[in-house]
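Colleague: Below you'll find the structure I mean.
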2 protein chains.
Amino acid sequence: MRFPSLCRSLLLAAALPATSLTVAAQSARVNATDSVNIRKIYDEALARGQSYENLRELTGRIGGRLSGSPQAEQAVQWGKTTMEKMGLDRVYLQEVMVPHWVRGAKEKAQVRGAKGKGISLNVCALGGSVGTNGKIKAQVIEVQSLQELAALPADKVKGKLVFFNRPMNPLYIETGRAYGEAGDQRRSGAAEAAKRGAVGALVRSLSLAHDDFPHTGTMRYEDGVAQVPAAALSTNGADELSQLLKADKNLTVELEMSCQTLPEVKSYNVVGEIKGSKYPDEIITVGGHLDSWDLAQGAHDDGTGCVQSMEVLRLLKASGLRPERTVRAVLFMNEENGTRGGNKYAELAKAAQEKHLAAMESDGGGFTPRGFSIEADPATVRKVQQWEPLFVPYGSGDITPGHGGTDIGPLKGQAKALIGYNCDDQRYFDIHHTAADTFDKVNRRELELGGASMAALIYLLSKYGL
Amino acid sequence: MRFPSLCRSLLLAAALPATSLTVAAQSARVNATDSVNIRKIYDEALARGQSYENLRELTGRIGGRLSGSPQAEQAVQWGKTTMEKMGLDRVYLQEVMVPHWVRGAKEKAQVRGAKGKGISLNVCALGGSVGTNGKIKAQVIEVQSLQELAALPADKVKGKLVFFNRPMNPLYIETGRAYGEAGDQRRSGAAEAAKRGAVGALVRSLSLAHDDFPHTGTMRYEDGVAQVPAAALSTNGADELSQLLKADKNLTVELEMSCQTLPEVKSYNVVGEIKGSKYPDEIITVGGHLDSWDLAQGAHDDGTGCVQSMEVLRLLKASGLRPERTVRAVLFMNEENGTRGGNKYAELAKAAQEKHLAAMESDGGGFTPRGFSIEADPATVRKVQQWEPLFVPYGSGDITPGHGGTDIGPLKGQAKALIGYNCDDQRYFDIHHTAADTFDKVNRRELELGGASMAALIYLLSKYGL
C-alpha cells in the first residue's frame with residue numbers, strides 16, 4: 001500500500017473531537033462533554049495504555065494459572081500488588097475454595113492395529129477428567145453427536161472409546177455460536193459414553209483451525225455414572241483418526257493420561273475499587289478471569305480481560321474522570337472449571353446487601369473492539385443503545401441484546417444489566433485453550449482499544465446510571 | 001471462556017437466511033433473492049474458500065516479488081496459470097514496462113563517536129534510493145518534519161545526514177490516516193535534505209509498533225536535485241539514535257548501502273474475466289497488486305488482495321451466480337514503486353473505449369472485513385449505501401465515501417465508482433513493508449470473509465449497475 005491520494009480517513013469522524021460533538025448531539029441522553037471525555041479516555045489508552053505491559057508481565061512471569069496451582073496464587077498476588085500501585089481507594093481479596101485438577105506428566109495416545117499402527121495422535125486431557133490408571137487400549141467408535149451415540153445398540157459401544165468428531169460449524173459468522181453448538185461433545189461426551197459402557201471418550205477439539213493443537217476445556221461427570229477418561233484430539237488428529245477408521249474399523253487406540261483431581265484449595269478473587277463521588281453505594285463491576293488453562297500462558301483467555309478491567313480504573317483516573325458511582329475491577333478466580341469466584345462475588349454482594357447497577361465482563365479475547373451485548377430488560381437495553389453514536393467513531397458501536405458473561409452471570413437479578421464486551425472473534429477459537437494462547441498473539445493497539453471502549457461505557461454508566 | 005448460558009449469537013441475524021430476508025426487505029433496491037445469494041457466497045467462502053491456499057503458494061513458493069525481479073515474473077506466470085485452471089472465459093496478460101530497483105547485498109548503519117560507538121542500527125534502503133557508493137560517514141541532525149528542516153540555517157544541514165523522526169500519530173483510530181500524515185518524511189525527505197546540502201536521509205519507519213523491523217517503501221527524487229541515499233530506521237533504532245544524539249550532538253553515523261536502479265524491465269498485469277450474461281460490454285474490475293516489497297513474502301501487502309480478487313470470480317462461479325455484467329480480476333504489476341500497471345490498465349481501457357461501471361481494490365491487508373469506501377459522486381455513493389443492510393449480518397456494513405485505491409485510481413473519470421475494500425487496520429502497519437509481512441500473519445477466516453464481502457458487492461453491482 002502507498003499513500004492514498006484522497007485520504008479516506010479525513011471523511012470520517014474518528015479522532016476528531018469537533019465531529020464527535022455533532023455525534024453526541026444526536027443523542028438525547030448525553031451532552032457534548034461526554035464525547036470529549038470519551039476521546040480523552042481513548043487518547044490516554046492509545047498514548048500511554050498499560051494493558052499490554054501488564055499482560056506481558058502476567059503471561060511472561062507467571063504463565064498458565066489453573067485454579068489451585070501455585071501459578072494461580074502468584075497471579076492473585078500479582079493482581080493485588082499491581083492494583084495497589086495504582087492508587088485506588090481500596091484493594092482487597094475475596095476468599096474462595098476452588099477445585100484443584102492437575103494434568104500430570106503423562107498424556108499420550110497411539111493408534112494400534114493393522115492400519116496406522118504406531119501413529120501418535122495429538123491429545124490433551126479435558127479439564128476435570130480422571131486419569132487412565134495405567135493404559136487403556138480399546139477399539140474406537142466414531143459418532144457425530146450425543147444423539148447418534150444414544151441411538152446406537154449398547155453392544156456397539158461397550159468396552160470402546162467413543163470418538164466424538166462433529167466439527168464446529170464453519171458457516172457461522174460469529175464463531176462463539178459454533179463453539180456453543182459443538183460444545184456438548186466436550187462437556188457431556190464422557191458421561192454419555194460411560195452410560196453405555198464405554199471406557200473413555202476422545203473429543204474433536206473445539207476449533208475452526210486445521211492444525212495439531214489439542215484444545216482442552218472443562219467437562220462434567222454425572223452422579224451415579226462411571227467416571228471414564230476424556231481427551232481432546234487436535235483437529236488434524238481427529239481427521240486422521242477418522243480416515244484410519246474408514247480403512248480399519250477394528251483399530252485400537254492406546255490412551256495414557258495421569259491427570260487427577262486433588263483436594264480443593266483456598267484461593268481468591270482480587271478486587272480494586274474507586275469510590276463513587278456522588279453515589280458511592282451504587283456499584284459497577286468490570287472484570288475478567290485470572291485463572292487460565294495450564295497448557296499455555298492464558299493470554300487471550302483471559303489475561304486480556306484482567307488487564308483491561310484494571311486498565312478501566314487507570315484510564316478513568318488518568319483522564320481525570322472520577323466516577324460518580326463506585327467502579328470495581330474484579331479479577332475472578334476459577335472461571336474455567338467451576339465459576340467459584342463468580343458465585344462467591346455475587347454471594348458476598350447479596351449478603352452485604354450491595355446495590356449493583358451493572359456488571360461488565362471481558363472474556364472473548366483482546367482483539368479489535370466491536371461493541372457490547374446487554375443482558376437486561378428491553379427498556380434497559382434501549383437505554384444503553386442510545387449511547388451507540390458515541391462509540392461509532394471508535395468502531396465499537398455494535399450494541400445488541402445478548403449474553404453478559406460467565407463470571408458476572410451469578411449477579412443476574414442483583415444487577416440491572418450484565419454487559420458482555422465484544423471484540424472481533426475470528427481468530428479466538430484457533431488458539432483458545434491451547435498451547436498457542438500466548439502473549440505474541442496479542443496486538444497492543446487492539447488490546448488497548450478494548451480497554452478504552454470498556455472504560456468509555458463504564459464512564460457513561462457511572463454518570464447516568466440505568 | 002466457557003459456554004454462554006444464553007447464547008448471544010442466537011439473538012443476531014448472522015447466518016440465518018430467514019432473518020436476512022427481512023433485512024433485505026428493508027432495502028428498496030434489492031429483492032429477497034439477493035440476501036440468499038449473498039449467503040451462498042459466504043457459505044462457499046467459509047466452507048471451501050481457496051484464497052488461503054492460493055496465498056500459501058504465492059508467498060511460500062515465490063515470496064517477495066518486487067517489480068522487475070525474477071520473482072515478480074514467476075508471480076505473473078503463477079497468476080496466469082492459477083486463473084487458467086479456474087475455467088474463466090478469458091485469461092490474458094497486459095504488457096507494461098516497470099522500474100527495476102535492487103537492494104543489493106550491503107545494507108548497514110553504525111553509530112560512531114564518543115557515545116554509542118559501534119552500535120548497529122536496524123536499517124533498510126528506501127525503495128528507489130541510490131546506494132552509498134562505498135561508505136558515507138557524517139554527523140546527524142534530527143528533525144521532526146520537512147517544515148522544521150526548511151527552517152534550519154543551511155550550515156546546520158550541509159554535509160550531514162538528516163534524521164526525520166516524527167512518529168505516526170498513535171491517537172488516530174484509523175491507522176491509515178497516521179500513515180498518510182507521517183509519510184512525507186519517507187517520500188520527500190531525501191530530496192528536501194539534498195536541497196540543503198545534506199549527504200543522505202535517515203527516516204523513522206512508518207509503524208505504530210515499537211520493534212526492530214525497518215520498514216521500506218517508495219521515495220522520490222526531484223529533477224535537478226542531487227540524489228542522496230535514504231534509509232529507514234526501525235522505530236526502536238530511531239528512538240535509540242535520538243537518545244544518543246541528546247548525549248552527543250557530534251556523533252556520526254556510517255551508512256553503507258549497495259542498492260541501485262537498473263534498466264526498466266518488461267512485465268505484465270494478469271487479467272481473468274467472466275463475461276457478463278446480459279451486458280458483456282459493461283465492465284467491473286476487482287484487483288490487488290501482484291508486486292510486493294522484497295524484504296519478506298508480501299503476504300498482507302498485497303498477496304491477500306490478489307488471492308481475494310481471483311476468489312471473487314471463483315465464488316461467483318461456484319455459487320452459480322453468473323454475473324450480468326463482465327467481471328474482471330486484475331493482478332496489477334508495480335503498485336509499490338510506480339503504479340505502472342494501474343496506469344497501463346486504464347490507458348488500454350480508454351484506448352479500447354471500454355465502458356467501466358466500477359472498480360474495486362483490496363490493498364489494506366487480509367484482516368476481518370469492515371466495509372467499503374466509495375469514491376464517486378454523492379448520488380452514486382448513496383446507491384451503494386442502500387445495500388448496507390445486506391452486509392450488516394457479516395460485519396461488513398460500513399460503507400462510507402472515501403478513497404478507492406492506488407491501482408484503480410487511474411480509472412477515475414472512466415469508471416462511475418472506485419471502491420476501496422476496507423478491513424480491520426489495527427495490525428497492518430506493524431508489519432507493512434517489513435520482513436515480518438509473512439503468511440503466518442494471515443488468518444484463514446479473516447481472509448476468506450474478505451473475499452466473500454468483495455464478491456457480494458460485485459454480485460450486486462453486476463446485477464443492478466449504478
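The values are calculated or read from the model by the stated rules, or taken from the named source; none is laboratory data. Predicted model only: the values in this text are computed from it and were never measured. Ideal geometry is used to build each Cβ from the backbone, glycine not excepted, and the neighbour counts take in all protein chains shown. Keep in mind that these areas ignore ligands, DNA and RNA; they rest on the heavy atoms of the full protein, side chains included. Shrake-Rupley method; radii C 1.70, N 1.55, O 1.52, S 1.80 Å.
Colleague: Kindly indicate whether any position in the stretch B:51-59 is in contact (Cβ under 8 Å) with a residue 40 or more places away in the chain, closer than 27 Å to residue B:218 by Cα and open to solvent by 60 Å² or more (accessible area, probe 1.4 Å).
Modeller: Among the residues of the stretch B:51-59, at least one is in contact (Cβ under 8 Å) with a residue 40 or more places away in the chain, closer than 27 Å to residue B:218 by Cα and open to solvent by 60 Å² or more (accessible area, probe 1.4 Å), which makes the answer yes.
Colleague: Hey, can you tell me all the residues within the stretch A:431-459 that are surrounded by 22 or more Cβ atoms within 10 Å (Cβ to Cβ), at the interface with chain B (Cβ under 9 Å from one of its Cβ atoms) and acidic (Asp, Glu)?
Modeller: Our first condition is that a residue be surrounded by 22 or more Cβ atoms within 10 Å (Cβ to Cβ); within the stretch A:431-459, this holds for A:431-434, A:437, A:442, A:444-445, A:447-459.
Keeping just the survivors that are at the interface with chain B (Cβ under 9 Å from one of its Cβ atoms) gives A:432-433, A:444-445, A:449.
Scanning the stretch A:431-459 gives no hits.
Colleague: Counting just the residues of the stretch A:129-153 that are in contact (Cβ under 8 Å) with a residue 40 or more places away in the chain and assigned to a loop (DSSP other than H, G, I, E, B), which one comes out most open to solvent (accessible area, probe 1.4 Å)?
Modeller: Checking each candidate, the answer is A:135.
Colleague: Okay, next question. Return the residues of the stretch A:258-308 that are open to solvent by 20 Å² or more (accessible area, probe 1.4 Å) and within 28 Å of residue A:355 (Cβ to Cβ); say none if nothing qualifies.
Modeller: Scanning the stretch A:258-308 gives A:268, A:275, A:277, A:278, A:279, A:280, A:281, A:282.
Colleague: Can you tell me which residues in the stretch B:373-398 are open to solvent by less than 10 Å² (accessible area, probe 1.4 Å), more than 10 Å from every other protein chain (Cβ to nearest Cβ) and over 17 Å from residue B:465 (Cα atoms)?
Modeller: B:391
Colleague: Collect the residues in the stretch B:154-164 that are surrounded by 20 or more Cβ atoms within 10 Å (Cβ to Cβ) and either more than 23 Å from residue B:114 (Cα to Cα) or in contact with an Asp or Glu (Cβ under 7 Å, 6 or more places away or on another chain) (or both), keeping them in residue-number order.
Modeller: The answer is B:163, and nothing else.
Colleague: Next up: In the stretch B:240-277, what residues are farther than 30 Å from residue B:459 by Cα and β-branched (Val, Ile, Thr)?
Modeller: Keep residues of the stretch B:240-277 that are farther than 30 Å from residue B:459 by Cα, which gives B:240-267.
Within the stretch B:240-277, B:252, B:253, B:261, B:265 qualify.
Colleague: Another one. Could you grab me the full set of residues in the stretch A:207-237 that are closer than 20 Å to residue A:111 by Cα, in contact with a Pro (Cβ under 8 Å, 6 or more places away or on another chain) and either open to solvent by 30 Å² or more (accessible area, probe 1.4 Å) or of a type in the set (A, V, I, L, M, F, W, C) (or both)?
Modeller: Residues satisfying the conditions are A:231, A:232, A:233.
Colleague: So, of the residues in the stretch B:214-235 that are on the phi < 0 side of the Ramachandran plot and within 14 Å of another protein chain (Cβ to nearest Cβ), which turns out to be farthest from the chain's Cα centre (by Cα)? If you could, list the steps in order and put the result at the bottom.
Modeller: Taking the stretch B:214-235 and keeping what is on the phi < 0 side of the Ramachandran plot, we get B:214-216, B:218-223, B:225-235.
Narrowing further to those that are within 14 Å of another protein chain (Cβ to nearest Cβ): B:215-216, B:218-220, B:235.
Numbers: B:215: 14, B:216: 13, B:218: 12, B:219: 16, B:220: 18, B:235: 21 Å.
By that ranking, first place goes to B:235.
Colleague: Picking from B:449, B:466, which residue would you name as being of a type in the set (A, V, I, L, M, F, W, C), in a helix (DSSP H, G or I) and in contact with a helix residue (DSSP H, G or I) (Cβ under 8 Å, 6 or more places away or on another chain)? Explain how you work it out, then say what you get.
Modeller: Details: B:466 fails: in a helix (DSSP H, G or I).
So the residue among B:449, B:466 that is of a type in the set (A, V, I, L, M, F, W, C), in a helix (DSSP H, G or I) and in contact with a helix residue (DSSP H, G or I) (Cβ under 8 Å, 6 or more places away or on another chain) is B:449.
Colleague: Which is more than 25 Å from residue B:396 (Cα to Cα), at the interface with another protein chain (Cβ under 8 Å from one of its Cβ atoms) and either among the small types (Gly, Ala, Ser) or open to solvent by less than 10 Å² (accessible area, probe 1.4 Å) (or both), of A:420, A:402, A:413, A:409? Before you say what the answer is, go through the steps one by one.
Modeller: Values: A:420 fails: more than 25 Å from residue B:396 (Cα to Cα); A:402 fails: more than 25 Å from residue B:396 (Cα to Cα); A:413 fails: at the interface with another protein chain (Cβ under 8 Å from one of its Cβ atoms).
That would be A:409, the only listed residue that is more than 25 Å from residue B:396 (Cα to Cα), at the interface with another protein chain (Cβ under 8 Å from one of its Cβ atoms) and either among the small types (Gly, Ala, Ser) or open to solvent by less than 10 Å² (accessible area, probe 1.4 Å) (or both).
Colleague: Could you tell me which of the residues A:171, A:126 is surrounded by fewer than 17 Cβ atoms within 10 Å (Cβ to Cβ) and within 14 Å of chain B (Cβ to nearest Cβ)? I'd like the intermediate steps shown before the answer.
Modeller: Values: A:126 fails: surrounded by fewer than 17 Cβ atoms within 10 Å (Cβ to Cβ).
Within the list A:171, A:126, the selection yields A:171.
Colleague: If you don't mind, there's one more thing I want to ask. Does the stretch B:132-143 contain any residue that is within 14 Å of chain A (Cβ to nearest Cβ) and either farther than 29 Å from residue A:47 by Cβ or of a type in the set (Ser, Thr, Tyr) (or both)? Write out each step before concluding.
Modeller: Restricting attention to the stretch B:132-143, the residues satisfying the condition of being within 14 Å of chain A (Cβ to nearest Cβ) are none.
Looking through the stretch B:132-143, none of the residues is within 14 Å of chain A (Cβ to nearest Cβ) and either farther than 29 Å from residue A:47 by Cβ or of a type in the set (Ser, Thr, Tyr) (or both).
Colleague: Going by what's in this entry, would residue A:191 be described as away from chain B (no Cβ under 14 Å) and modelled with pLDDT under 95? Before you say what the answer is, go through the steps one by one.
Modeller: Numbers: away from chain B (no Cβ under 14 Å): yes; modelled with pLDDT under 95: no.
Answer is no for this residue.
Colleague: With in the same structural domain as residue A:279 (by TED's automatic domain parsing) and open to solvent by 50 Å² or more (accessible area, probe 1.4 Å) as the only criterion, which of A:318, A:359, A:346, A:329 stands out? I'd like the intermediate steps shown before the answer.
Modeller: Working: A:359 fails: open to solvent by 50 Å² or more (accessible area, probe 1.4 Å); A:346 fails: open to solvent by 50 Å² or more (accessible area, probe 1.4 Å); A:329 fails: open to solvent by 50 Å² or more (accessible area, probe 1.4 Å).
Selected residue: A:318, the only one of A:318, A:359, A:346, A:329 that is in the same structural domain as residue A:279 (by TED's automatic domain parsing) and open to solvent by 50 Å² or more (accessible area, probe 1.4 Å).
Colleague: Sticking with this one: Restricting to the stretch B:336-353, name every residue that is without any contact (Cβ under 8 Å) to a residue 24 or more places away in the chain and at negative phi. Spell out how you get there, then give the answer.
Modeller: Within the stretch B:336-353, the subset without any contact (Cβ under 8 Å) to a residue 24 or more places away in the chain is B:351-353.
If the condition is that a residue be without any contact (Cβ under 8 Å) to a residue 24 or more places away in the chain and at negative phi, then B:351, B:352 are the ones that fit.
Colleague: Of everything in the stretch B:251-275 that's in contact with a helix residue (DSSP H, G or I) (Cβ under 7 Å, 6 or more places away or on another chain) and not hydroxyl-bearing (Ser, Thr, Tyr), which residue is farthest from residue B:414 (Cα to Cα)? So that I can check it myself, show each step before the final result.
Modeller: As a first pass, look at the stretch B:251-275 and keep what is in contact with a helix residue (DSSP H, G or I) (Cβ under 7 Å, 6 or more places away or on another chain): B:251, B:267-270, B:272, B:274.
Narrowing the set further to residues that are not hydroxyl-bearing (Ser, Thr, Tyr) leaves B:251, B:269-270, B:272, B:274.
Numbers: B:251: 54, B:269: 19, B:270: 20, B:272: 20, B:274: 20 Å.
Once the filter is applied, the top-ranked residue is B:251.
Colleague: Anything in the stretch B:92-107 that is under 30 Å from residue B:243 (Cα atoms) and surrounded by 16 or more Cβ atoms within 10 Å (Cβ to Cβ)? List them, or say none.
Modeller: B:103, B:107, listed by residue number.
Colleague: Do the conditions hold for residue B:247, that is, is it of a type in the set (A, V, I, L, M, F, W, C), surrounded by fewer than 20 Cβ atoms within 10 Å (Cβ to Cβ) and in the same structural domain as residue B:220 (by TED's automatic domain parsing)?
Modeller: Numbers: of a type in the set (A, V, I, L, M, F, W, C): yes; surrounded by fewer than 20 Cβ atoms within 10 Å (Cβ to Cβ): yes; in the same structural domain as residue B:220 (by TED's automatic domain parsing): yes.
For residue B:247, the condition - of a type in the set (A, V, I, L, M, F, W, C), surrounded by fewer than 20 Cβ atoms within 10 Å (Cβ to Cβ) and in the same structural domain as residue B:220 (by TED's automatic domain parsing) - is met.
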